[in-house]
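Remarks on the structure that follows.
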Amino acid sequence: DHRTALCLRPQGWSGTLTADGARLLTTQKNMVLHLCLCLYSQGYKMFAAIKEALGTQRLEGTGAGGGGCISEGEVYKTDTGKVFVKRNSKKMAREMFDGEYESLKAIAATGTVKVPTPHVVVDNPAGGAVLVMEYLDMHSLNRHAGILGKQLANLHLHNINLEKTGNVVSASEVTPTYVSQFGFPVTTCCGYLPQDNSWSDDWLVFYTRKLQQQLTLIEKEYGDREARDLWSHLQLKIPQYFKDIEVKPSLLHGDLWGGNAAELSDCPVIFDPASFYGHHEFDLAITAMFGGFSRRFWDEYHSIIPKAPGFNNRHKLYKLFHNINHWNHFGSGYRSGSLQLMRDLCR
């Protein structure tokens, strides 16, 4: 009606509305109201599912939150304390969060390094999914950097030690079993790209496949001839970087850049993993790419796991994955770094 039309007039507008204009604005208002009701209904269903999974009557936003270039999150109060709700609207969000959930569980089961306890993954009726996990009062990694170096090394040795000692009960009273292959039981995502974690007995086969998956995406998006030519040469050289060493499967974080490590008042903490069982040196590649890890971190890590012969070239080979992965995520700004690593490795 005319009153509806008046309330929908732009602020400061002093003209008159025709009957058709009033009907149009009323229709638009009804559409907006319908959309709001749909979103409210979808949000209600999602929060009801979270409350049921957590066994809480209270789920109240605090206004605090955070996020990165892939997902966003917010802190909520429940009957028993705070939780962190991480959300992503992409179609593959459920697969991504299922992988992160299983990664956090696997790392926690080793009892070697603190991670947030994952609670539940819930589909979002509005699109995507959410991962609910323990809220931790985290601060930038600083005084516990050396401890994290030791704990990461112990994480990497955990599965290897299981082969020597058999099944052992960790501090969390979970009985881990030695994993003899490279891979992971579920798909995990480095960024938002799913990684092929199909089991393999051979690390070179597994890692070459991992690189090939990234370069296939580059070929589809960019058709980069130089990348294609360099890769055809590099594939033949990869075995020489593993002469005289034996690679055993270690449980890895998978994406341990500086933004995925922090500290609590009494210990370091790592989060946002994209885990799989692989060569322990792989985890060290991205730690060196963007800073955030002090000399104490490196010194303490290598005091437990010294560098093996050929480390520097393998370090480049593992950095190559992350450079190409960033090229796939963020564009050609990472092209030159990726190609330079390939040139260096092909010499």
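What follows draws every value from the coordinates through simple rules; no lab data is involved. Every value quoted in this text rests on a predicted model; they were computed, and no experiment measured them. Note: ideal-geometry Cβ built from the backbone for every residue, glycine included; neighbour counts use all protein chains shown.
Quick rundown of the values:
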| item | result |
| --- | --- |
| Glu163, Glu74 arranged by Cβ crowding within 10 Å, fewest neighbours leading | Glu163, Glu74 |
| For region 139-346: span of alpha carbons on each principal axis (Å, largest first) | 51, 37, 32 |
| Reachable aspartates and glutamates, given that their alpha-carbon falls under 20 Å from the alpha-carbon of Lys248 and they are not under 8 places away in the same chain | Glu163, Asp196, Asp201, Asp202, Glu281, Asp283 |
| Region 62-146 shape via C-alpha gyration tensor axes, a/c threshold 1.5 | prolate |
| Centre separation in Å (Cα based) which lies between region 266-337 and region 178-226 | 16 Å |
| Globularity index of region 254-338, i.e. its alpha-carbon radius of gyration over 2.2 N^0.38 Å | 1.15 |
| Residues whose placed amide H lies under 5 Å from that of Thr117, excluding near-sequence neighbours | Glu134 |
| Prolate/oblate/rounded call for region 44-90, Cα gyration tensor, a/c under 1.5 rounded | oblate |
| Using θ = phi - 60° and Karplus 6.51 cos²θ - 1.76 cosθ + 1.60, couplings along region 120-135 (whole Hz; Gly, Pro as x) | 6, 10, 10, 5, 9, x, 7, x, x, 7, 10, 10, 9, 9, 4, 8 |
| Of Lys210/Lys243; Lys51/Lys86; Lys210/Lys237; Lys51/Lys82; Lys91/Lys210, pairs whose Cα-Cα distance is over 18 Å | Lys210/Lys243; Lys91/Lys210 |
| Charge dipole magnitude, Cβ of K and R +1, D and E -1 - region 51-134, Cα centre, debye nearest 20 | 100 debye |
| Per-residue HN-Hα couplings for region 242-251 [Karplus 6.51, -1.76, 1.60; θ = phi - 60°; Hz; x = Gly/Pro] | 10, 5, 6, 10, 10, 9, 9, x, 10, 6 |
| Taking region 51-134 and dividing mean pair separation by its residue count, relative contact order in percent (alpha carbons under 8 Å, at least six apart) | 26 percent |
| Qualifying aspartates and glutamates (Cα of each under 16 Å from Cα of Lys220; at least 8 residues distant if same chain) | Asp229 |
| Only Lys, Arg (+1) and Asp, Glu (-1) charged, at Cβ; region 139-346 dipole about Cα centre in debye | 500 debye |
| ³J(HN,Hα) computed for each position of region 104-111 - Karplus, 6.51 cos²θ - 1.76 cosθ + 1.60, integer Hz, glycine/proline x | 4, 4, 5, 5, 4, 5, 6, x |
| Relative exposure of Met46, Met92, Met342, judged by other C-beta atoms within 10 Å (fewest first) | Met92, Met46, Met342 |
| Burial ranking of peptide ranges 58-71, 326-339, 122-135 (average Cβ count within 10 Å, highest at the top) | 122-135, 326-339, 58-71 |
